[in-house]
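Take a look at the structure below.
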Amino acid sequence: MQNLISDPVSMTSCRQEAYLLRLRRQFPFVYVKTLTRTAFGRSVYALQFGSGSRKILITAGHHANETITSDAVWQWLFAFCNALMDGGAVCGASARELYHNAMVYLVPLVNPDGADLAAGVCALESPEYRAAASIAARYPDIPFPSGWKANLRGVDLNLNYPARWEAARRIKKAQGVSTPAPRDFAGFSPLDQPETAALAAFTRCIHPDMMLALHTQGSVIYPGPDETAPPGSHALARAFSEASGYPIEPVPPESANAGFKDWFLQVFKRPAFTIEAGLGENPLPASQLPEITRAFSAIFTAAMQW
């Protein structure tokens, strides 16, 4: 796929605002909704486009140092919209047919506070940076700020959902994390962060038929557990694997707690997948953005053809 956004850099809240301005100017048919504001005042957005009856929810940027996934979602969205306007194709499929076959909801950056910190754009003298630095000082083995996964309150947002949350909290406490941290702190109670509470409420409102949670790294697809996989999950996982080249692997049991996908499967009992993109150590370099965007485009096309 052609790279339609030049000079990719780390995703930040300001970079996303620039993308939104471009989106509104060039493609006003994409609906934009503000889901919430974070504890530090940044907006979490949801985008909606398509006219089909099958609803697909795609989320990215739960973790602060994994927001190359957010940039890849924006890359794909602009490429798709251009193909739609030009009557072109995406991954060999007609963009217009895909548009009419599905309704797509995107939450490209669930954690804008953490993204700004991990990208190094929080002012060093700001209260938010000083608060994060104070938390990080208790975990000297985690690089700061590049190793930061949490929001700026020190909560790992992908451990903050009410699906076996107590188990996640117990596991992380046994690993030495029981208070706000750069990663792995599940919060003081489920959905106690504005980002997770808003995303859960939005998901209940739209009631998706399928959900894709985008993370890094590993270049692997994690479907739901075999024993509880909703109908159609195995066939979809195979389609995504064939399209992207990512293998399918089972989720380790200790990692199947309190995440957004875990909650979605528990509440909706509909197909949901974690896509772990790229290879290496987070944050992944921008050089991997084209390949991650290619894989996402292939998976999203397969999802919209479902």
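What follows is calculated from the coordinates using simple rules that are stated; it is not laboratory data. None of the values given here were measured: they were computed from a predicted structure. Every residue, glycine as well, gets a Cβ built from its backbone with ideal geometry; the counts of neighbours run over all protein chains shown.
Data table
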{"read-out": "Strands (runs of 3 or more DSSP E) completely within region 1-96 that count 3 or more residues being touching a strand residue (DSSP E or B) at 6+ places or on another chain (Cβ under 9 Å) and surrounded by fewer than 16 Cβ atoms within 10 Å (Cβ to Cβ)", "value": "31-37"}
{"read-out": "Within region 183-212, tally of residues that are assigned to a helix (DSSP H, G or I), hydroxyl-bearing (Ser, Thr, Tyr) and farther than 17 Å from Val104 by Cα", "value": "1"}
{"read-out": "All positions within region 247-306 that are touching a residue at least 60 places away in the same chain (Cβ under 8 Å), closer than 18 Å to Ser10 by Cβ and part of a helix (DSSP H, G or I)", "value": "Ala286, Gln288, Leu289, Pro290, Ile292, Thr293, Phe296"}
{"read-out": "Filtered residue count, region 179-220, keeping only those that are within 19 Å of Pro271 (Cβ to Cβ), buried (at least 21 other Cβ atoms within 10 Å of the Cβ) and in contact with an Asp or Glu (Cβ under 7 Å, 6 or more places away or on another chain)", "value": "1"}
{"read-out": "Extreme residue, farthest from the chain's Cα centre (by Cα), among residues of region 112-144 that are part of a loop (DSSP other than H, G, I, E, B) and in contact (Cβ under 8 Å) with a residue 40 or more places away in the chain", "value": "Arg138"}
